[in-house]
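I have placed the structure first, in the form of structure tokens, so that the comments after it can refer back to it.
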Amino acid sequence: MAKIDTARERVSIDVRHGEHRQIKMFATLSGQTIREFVLESVRERMHRELESREVSALAKHLDTDPILKAVWENERDAAYDQL
């Protein structure tokens with residue numbers, strides 16, 4: 001049977017009293033513990049940042065990659081450029 005990696009690292013942050021109350025309130029309203037709420041929030045942020053970096057990296061190659069350029073610059077989608 002494969003062993004599941006359960007090793008964990010501890011992250012500790014200091015927050016202001018008001019921030020702690022807000023985090024606790026949002027966690028409670030979401031039906032989560034503070035730990036669950038904070039982890040979910042951090043994971044969502046990391047996912048957005050990763051997507052943003054991937055889009056930025058892709059955009060850098062639009063002028064140099066002929067396939068991307070053809071997909072990006074086409075008459076059918078040109079109407080969206082006007083928005």
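The values are calculated or read from the model by the stated rules, or taken from the named source; none is laboratory data. Computed from a predicted structure; not experimentally measured. Quick reminder, even Gly has a Cβ in these numbers, built from the backbone with ideal geometry, and neighbours come from all protein chains shown.
Inclusion of LEU62 among residues that are at pLDDT below 90, under 26 Å from the mean Cα position of the chain (by Cα) and outside any helix (DSSP H, G or I) is warranted. Of all residues in the stretch 39-50, none satisfies being of a type in the set (Gly, Ala, Ser) and within 28 Å of LYS69 (Cα to Cα).
Reported count of residues in the stretch 1-52, each being exposed (fewer than 11 other Cβ atoms within 10 Å of the Cβ), among the polar types (S, T, N, Q) and in a helix (DSSP H, G or I), is 1.
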